[in-house]
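Asks: I am attaching a structure below and will ask some questions about it afterwards.
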Amino acid sequence: MPTRSFARRTRGGVRPLCSRSFLAVTLAACGATAGSQVIAAPLFVAARSFDTGSGPGNVAIGDLNGDGKPDLAVPTSNKVSVFAGYGDGTFATRVDHGTGTGPFVAIGDLNGDGKPDLAVSSPNALVSVLLGNGDGTFAAKVDYGTGGVSTSLAIGDLNGDGKPDLATCNYIAGTVSVLLGNGNGTFGTHLDFDAGGFPNSVAMDDLNADGKLDLVVTNSRTSTVSVLRGNGDGTLATRVTYGTGSGPWFVAIADLSGDGKPDLAVANAGSGSVSVLLGNGDATFATRRTTPRGTIPTPWRSGT
């Protein structure tokens, strides 16, 4: 099952997705406008909240116990909480596993045993790896050093050896760290690459169709995103930056224009907006289009 992670951050650091130490897993109905036209939004039942403990960071979704039903992993203060899903949108009481203080969790099979594992970034310049037992429980954490205060991470094969690697963005140091995986759930010493000013979100994808994973990092201080092309051996090319709205805090990659080329969507905390940068298919991007909250722009055309 694919996994997804979601987070919200502020200028002072990570902000929980939900206040008062609760996770909301459904949304109320909403709508948006494009000019005078009302655009119908998907309808959702009333939100249900599940206690997470203090300061939840992001949410990762995956089948953690092998029953075919999606479960949740949520990092909080010094732990990651796992919520086993019943398959009907409700979840069991959380089970906590110790980590470092972690604002971000990602799910992946890090040791090739077919069981999902957890990686949790930490502001203590660490990433904690918890290998999964396949039943929703996890082994004790093993910590690996990063290049600084790590606020986000991504999992992917950056050196083409078929083994998952980790990339973390390091907020204070202005770098991204790459930790190459050994295929057994352990990782090598971090390699650091310049990312920009106060990077806080990282995403991976093949942006130029060369079969090598690239990185995109948001830079909150300079209101930019940095694109670092992968060389296919675990190293990254010098960053190329593109403007965003004010205070970008999260980036996602997808084909938003239907042309088969990956595009970027950036959430801007400072301006309360979303910037879309359409990809050219060669790891370069057009000038951003920025959408205010609650509206959908008229169709974008070249030069608009």
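Asks: For Gly185, work out the one condition from (1) part of a strand (DSSP E or B); (2) modelled with pLDDT of 95 or more; (3) open to solvent by less than 30 Å² (accessible area, probe 1.4 Å) it doesn't fulfil.
Replies: Going through (1) part of a strand (DSSP E or B); (2) modelled with pLDDT of 95 or more; (3) open to solvent by less than 30 Å² (accessible area, probe 1.4 Å) one by one, Gly185 breaks only (1).
Asks: Just to be sure before I move on: is Asp117 acidic (Asp, Glu), open to solvent by less than 10 Å² (accessible area, probe 1.4 Å) and modelled with pLDDT of 95 or more in the structure I sent? Lay out the reasoning, then the answer.
Replies: Values: acidic (Asp, Glu): yes; open to solvent by less than 10 Å² (accessible area, probe 1.4 Å): yes; modelled with pLDDT of 95 or more: yes.
When the stated conditions are applied, Asp117 passes them.
Asks: Now, a different point. Could you tell me which residue of the stretch 207-227 is farthest from Thr284 (Cα to Cα), considering only residues that are free of Cβ contacts under 8 Å to residues at least 60 places away in the same chain and over 16 Å from the mean Cα position of the chain (by Cα)?
Replies: Arg221
Results for (1) open to solvent by less than 30 Å² (accessible area, probe 1.4 Å); (2) of a type outside the set (A, V, I, L, M, F, W, C); (3) on the phi < 0 side of the Ramachandran plot, shown as yes or no for each residue.
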position	(1), (2), (3)
Phe193	no, no, yes
Arg221	no, yes, yes
Val227	yes, no, yes
Pro248	yes, yes, yes
Thr284	no, yes, yes
Arg288	no, yes, yes
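Asks: On to the next question. Tally the residues that are open to solvent by less than 40 Å² (accessible area, probe 1.4 Å) and at pLDDT 95 or above, restricting the search to the stretch 58-73. Don't jump to the end; show me each part of the working.
Replies: Initial filter on the stretch 58-73 (open to solvent by less than 40 Å² (accessible area, probe 1.4 Å)): 58-60, 62-64, 71-73.
So of that shortlist, the ones also at pLDDT 95 or above come out as 60, 62-64, 71-73.
Of the residues in the stretch 58-73, 7 are open to solvent by less than 40 Å² (accessible area, probe 1.4 Å) and at pLDDT 95 or above.
Asks: Separate question: Taking Ala209 as meeting all but one of (1) of a type outside the set (Lys, Arg); (2) part of a loop (DSSP other than H, G, I, E, B); (3) surrounded by 24 or more Cβ atoms within 10 Å (Cβ to Cβ), write down the number of the exception.
Replies: (3)
Asks: Any residue at all in the stretch 154-173 that is modelled with pLDDT of 95 or more, surrounded by 19 or more Cβ atoms within 10 Å (Cβ to Cβ) and of a type in the set (Phe, Trp, Tyr)?
Replies: no
Asks: Can you say whether Ala139 is open to solvent by 10 Å² or more (accessible area, probe 1.4 Å) and in contact (Cβ under 8 Å) with a residue 12 or more places away in the chain, as far as the supplied structure shows? Lay out the reasoning, then the answer.
Replies: On the way: open to solvent by 10 Å² or more (accessible area, probe 1.4 Å): yes; in contact (Cβ under 8 Å) with a residue 12 or more places away in the chain: no.
The answer is no for Ala139.
Asks: Hey, another quick one. What pairs come out if I take residues in the stretch 55-82 that are in a strand (DSSP E or B) and among the charged types (D, E, K, R) and pair them with residues that are modelled with pLDDT under 95 and surrounded by 21 or more Cβ atoms within 10 Å (Cβ to Cβ) whose C-beta lies under 7 Å away, six or more apart or interchain?
Replies: As it stands, the answer is Lys79/Thr99, since those pairs meet every condition given.
The values are calculated or read from the model by the stated rules, or taken from the named source; none is laboratory data. Since the structure is predicted, the reported quantities are computational estimates derived from the model, not experimental observations. As a convention, Cβ positions derive from the backbone with ideal geometry for all residues, glycine included, and neighbour counts pool all protein chains shown. Note: accessible area is taken over every heavy atom of the protein model, side chains too, but ligands, DNA and RNA are not part of it. Shrake-Rupley method; radii C 1.70, N 1.55, O 1.52, S 1.80 Å.
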